[in-house]
Amino acid sequence: MSKTESRGPLYHVLRAQQFDRALLDRLCDLTTRIRKVAKVKEGADYLQSLLSNKRAILYFTQPSTRTFLSFQNACHILGIRTSEIRDPSTSSEYKGESPEDAIRTFSSYVDVIIMRSPIAGFADRTAAMLDETDRPVPVINAGSGKDQHPTQALLDIYTLYRSFKDRGGIDGKTIAMVGDLARGRTVRSLSYLMKNYRGVRLIFVAPPSRRMGDDIKGFLDKMGIPWKETEDLAGILPEVDAVYMTRLQDEYDEAGESKKIDYDKFAFRPEHLEILPETAIVMHPLPRRNELHPGVDKDPRAKYWRQERNGMWMRVAILAAIFGIEKDILDPYGRSSHV
Amino acid sequence: MSKTESRGPLYHVLRAQQFDRALLDRLCDLTTRIRKVAKVKEGADYLQSLLSNKRAILYFTQPSTRTFLSFQNACHILGIRTSEIRDPSTSSEYKGESPEDAIRTFSSYVDVIIMRSPIAGFADRTAAMLDETDRPVPVINAGSGKDQHPTQALLDIYTLYRSFKDRGGIDGKTIAMVGDLARGRTVRSLSYLMKNYRGVRLIFVAPPSRRMGDDIKGFLDKMGIPWKETEDLAGILPEVDAVYMTRLQDEYDEAGESKKIDYDKFAFRPEHLEILPETAIVMHPLPRRNELHPGVDKDPRAKYWRQERNGMWMRVAILAAIFGIEKDILDPYGRSSHV
Amino acid sequence: MSKTESRGPLYHVLRAQQFDRALLDRLCDLTTRIRKVAKVKEGADYLQSLLSNKRAILYFTQPSTRTFLSFQNACHILGIRTSEIRDPSTSSEYKGESPEDAIRTFSSYVDVIIMRSPIAGFADRTAAMLDETDRPVPVINAGSGKDQHPTQALLDIYTLYRSFKDRGGIDGKTIAMVGDLARGRTVRSLSYLMKNYRGVRLIFVAPPSRRMGDDIKGFLDKMGIPWKETEDLAGILPEVDAVYMTRLQDEYDEAGESKKIDYDKFAFRPEHLEILPETAIVMHPLPRRNELHPGVDKDPRAKYWRQERNGMWMRVAILAAIFGIEKDILDPYGRSSHV
């Protein structure tokens, strides 16, 4: 039996596309259960006992404080001890070591690698390299360049799932994505994942120079997912179930081209709350700038702070699935005896 | 019932002035008890079990290794898992996020924020901001500019309390504060806290350009606390119960003005031990330079290394009070069954 | 009774020379036992319970990611909580504090200091300074300049011990050391430790300008350990039990003098596997460059990745010995009741 055959439903977490509906539902259910178990001290202590024998390394050669903290605290919730590399210059690569050798070294002390890198495809290459060794460990992609950030897509799904759980779930919902859709990694991943849900409709609200890419539109057409495109945010708000705001991705600018865009037209402000349906929600992957006014924060439909915290809980669920402890958390028998 | 009403005796720890005599005594008793419980492994394990479900973030955008380590180890003693931000440049603020949003994000993963900032009032503003949210967490001020460093004042109080516990406590004692009293944050906070003790007398020994501020002197007059001022260290040593040495705060110099001061007159050297009463103690907030000679270290009256370690234990007590586990530590019933 | 008298068999770990045969064998046995106990969750949890009341500081003012991670994870395996100083500029030394005061401060929060410094002898001086205080803690030298790196030598011994455990142990073996032997700290320490084994023979394979130092050769002669010297790697491979490869230590170059060396002659490549005995092993302290071809990695005789991981396990054993919990791990009674 090969190493791959003996693995559970989740091993490496590399790209959003690897998650099908069954796995998404399972992770969402698990996340909800984990949140509830953690609410009381006995439950929190039980969760920490489950992976108390595991150690993780957070290998973040591209800085990202929020993703780092979200994963680190997710590890802590399950009792996983963490080590970290946040500054590539502290690595022994200065002695001429290859990146592959460096990562294999770090992997030798731990049970899982959570990695963020500015290089597209680096997590995939690391996973493939480790799979060839005597002691492979799972790799979780916490963002690889402009390429993939699968756990962000999963936390977005969970936020939709949780918000719509008394309204038939994500199926049948209309979701508007607003802003710099050409460069936004999160909205692209989320669009891909929509293929797993029935009757979903997408509305893209973007400046002409930042429209959603043709690759995504082609994918949606192929999957039979209806979509439309507009620049009129106020015009479409009355018909949405969720509006997903995104910031201008000007860090990818080559010559300040983002400055020419009138982004005020793609900002959500308190006056928009009046035309947003009572049951709709407002999301944002954060950090935000002017495109989402703080005056919206206290409206019950604003879900972005909860979305942030959902990220930590979903990452707990991912780790639980990787290490095969889903049953210990979900099983009613385990529940009654331990929690 | 508001969030504030449901809180225990200690929630945010922002400034020395918020502590009255009852709370000071309570924290000092708790600190002593914690030190004793931690001495044996069963006790240490019991303490760690009390807050094993809590997570803290140490948000230190002003570097301070000793305060950082003191708090981090205090967390560990109670089983609190820690995350940290020590370098503001790793924050996502580079993406244009407001400091308020950044801190709200970090707070969303944890149960308490311990923050040190170069900006006066920043901890207060953070606490007020979080209090307005759905999920406030307590904020501990670990130093905010020249403004406040309340836990340092508390550890000084505890060092006095512990040193004088067989001599009637802090009440009635004569305390000399020596050095750069104009700029020293610790001596200023400690002077304020003296209002909580009866019959205390203060002696300020400082160079003319660095005398204790008129605001403090006015406060002492109003509170009826006698004080006097001198430049003659040797002259007052025979009458003190405690001598609190401080270093020259030349990091606040604008044009090297500290170089003109003859600070040798405000240094404690081995020969001073001969005129210091047998029951008196020597304190220093550390780090020290020439104002406190290492030749004093082995004298039993030198308490500054113990003072350093007291800081960690007092911070454990503060965390215990914030999370409402004082009774679990003090209660004789809990004591007999757990420790 | 002095502090020194009450100490166990291991307190400060400062230099390779302090380990005699009995202690080496004991640490190797303990390491093997720890590896086995940690394989199942109950055993791993038991190990973590043993030092759950201890705290360590990793004081690494000379960067070394691999040694840092190896020690940090070793601490975690025994339940020791860790703090760290990795950047000397975050220390309060900027306020004019002496290095001795800084370290005494850090020591006051923890139970053991693991230190790496660019300054030869710094760990020794720290240990001596702390021994003079009221609250000494053990110091582990994790590398001090070109001087000593004792735990690296111990993990090399353990790798040899483990590899030869069914072939009579290290006694009687022929070990070739290859490369920049003049500057390599690891091969020098390992040579010293060979005095503890009977019938060992050493072969030094080095470029003329990088031969093993006369001090080591003199030591071997005095101890009656036979050695020879050659530049012909292929020529000696058929007669070795272990070949220990090392990289060119060009970080100590003053004017690029290493560039003149034809290091290809001192590289191990896949073709060498054909002439290496079936029972022999290949070691390397890592990181590697061209002197050890990745094409060798999958050969069962390649032990350097295991050697890396052995380092973590040996460091667990060292910590266990320092804190006197060897019996809790080795004792069959403890074994049956806890694991």
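The values are calculated or read from the model by the stated rules, or taken from the named source; none is laboratory data. Since we're looking at a predicted model, the values are computed, not measured. When we count neighbours, we look across all protein chains shown, and the Cβ atoms used for this are built from the backbone with ideal geometry, even at glycine. Ligands, DNA and RNA are excluded from the accessible area calculation, which covers all protein heavy atoms including side chains. Shrake-Rupley method; radii C 1.70, N 1.55, O 1.52, S 1.80 Å.
The rows are residues; the columns are (1) at pLDDT 95 or above; (2) within 18 Å of the chain's Cα centre (by Cα); (3) not assigned by TED's automatic domain parsing to the domain that holds residue B:67.
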position: B:154; (1), (2), (3): yes, yes, yes
position: B:160; (1), (2), (3): yes, yes, yes
position: B:163; (1), (2), (3): yes, yes, yes
position: B:169; (1), (2), (3): yes, no, yes
position: B:173; (1), (2), (3): yes, no, yes
position: B:177; (1), (2), (3): yes, yes, yes
position: B:183; (1), (2), (3): no, yes, yes
position: B:188; (1), (2), (3): no, yes, yes
| Qualifying helices (runs of 4 or more DSSP H) (wholly inside the stretch C:167-255; at least 1 residues being surrounded by fewer than 17 Cβ atoms within 10 Å (Cβ to Cβ)) | C:214-223, C:233-236
| query | Within the stretch C:301-320, can one find any residue that is farther than 18 Å from residue C:159 by Cβ and open to solvent by 50 Å² or more (accessible area, probe 1.4 Å)? | reply | no
| query | Being more than 24 Å from the chain's Cα centre (by Cα) and not hydrophobic (A, V, I, L, M, F, W, C), is that true of even one residue in the stretch B:242-249? | reply | no
| field | Every pair of residues 6+ apart whose Cβ atoms lie under 9 Å, when the first sits in the stretch B:56-74 and is free of Cβ contacts under 8 Å to residues at least 60 places away in the same chain while the second is open to solvent by 10 Å² or more (accessible area, probe 1.4 Å) and among the aromatic types (Phe, Trp, Tyr) | value | B:61/B:122; B:63/C:94
| said: residue A:101 - would you say it is within 12 Å of chain C (Cβ to nearest Cβ), part of a helix (DSSP H, G or I) and open to solvent by 10 Å² or more (accessible area, probe 1.4 Å)? | reply: yes
| Count of the stretch C:284-304 residues which are more than 18 Å from residue C:188 (Cα to Cα), of a type in the set (A, V, I, L, M) and touching a helix residue (DSSP H, G or I) at 6+ places or on another chain (Cβ under 7 Å) | 2
| request: Would you be able to tell me the number of residues in the stretch C:26-44 that are of a type in the set (D, E, K, R) and open to solvent by less than 40 Å² (accessible area, probe 1.4 Å)? | output: 1
| note | By residue number, the members of the stretch A:256-271 that are in a helix (DSSP H, G or I) and surrounded by fewer than 17 Cβ atoms within 10 Å (Cβ to Cβ) are A:257, A:259, A:260, A:264, A:265, A:270, A:271
| note | The residue that is farthest from the other protein chains (Cβ to nearest Cβ), considering only those in the stretch C:117-131 that are open to solvent by 40 Å² or more (accessible area, probe 1.4 Å) and small (Gly, Ala, Ser), is C:120
| query | Scanning for something outside any loop (DSSP other than H, G, I, E, B), surrounded by fewer than 19 Cβ atoms within 10 Å (Cβ to Cβ) and either over 19 Å from the mean Cα position of the chain (by Cα) or not assigned by TED's automatic domain parsing to the domain that holds residue C:84 (or both), does the stretch C:132-150 turn up at least one residue? | reply | no
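Has the stretch A:77-94 got any residue that is within 16 Å of residue A:309 (Cβ to Cβ) and at pLDDT 95 or above?
yes
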| remark: With the first residue restricted to the stretch A:205-216 and required to be in contact (Cβ under 8 Å) with a residue 40 or more places away in the chain, and the second required to be open to solvent by 10 Å² or more (accessible area, probe 1.4 Å) and assigned to a loop (DSSP other than H, G, I, E, B), Cβ contacts under 6 Å at 6 or more apart or on different chains are A:207/A:261; A:210/A:182
| request: Would you mind telling me which numbered condition in (1) surrounded by 22 or more Cβ atoms within 10 Å (Cβ to Cβ); (2) within 30 Å of residue C:45 (Cβ to Cβ); (3) of a type in the set (A, V, I, L, M) residue A:157 fails? | output: (2)
| task | Please state which of the following conditions residue B:283 fails to meet, knowing it meets all the rest: (1) touching a residue at least 24 places away in the same chain (Cβ under 8 Å); (2) surrounded by fewer than 21 Cβ atoms within 10 Å (Cβ to Cβ). | result | (2)
| query | Which members of the stretch A:33-58 meet the condition of being under 24 Å from residue A:106 (Cα atoms) and within 21 Å of the chain's Cα centre (by Cα)? | reply | A:56, A:57, A:58
| task | May I ask you to verify whether residue B:126 is part of a helix (DSSP H, G or I), out of contact with any His (no Cβ under 8 Å at 6 or more places or on another chain), closer than 18 Å to residue B:10 by Cα and β-branched (Val, Ile, Thr)? | result | yes
| said: Among the residues in the stretch B:107-116, are any touching a residue at least 40 places away in the same chain (Cβ under 8 Å) and surrounded by fewer than 21 Cβ atoms within 10 Å (Cβ to Cβ)? | reply: yes
| query | Can you name the number of the only condition in (1) without any contact (Cβ under 8 Å) to a residue 24 or more places away in the chain; (2) over 19 Å from residue C:208 (Cα atoms) that residue C:293 fails? | reply | (1)
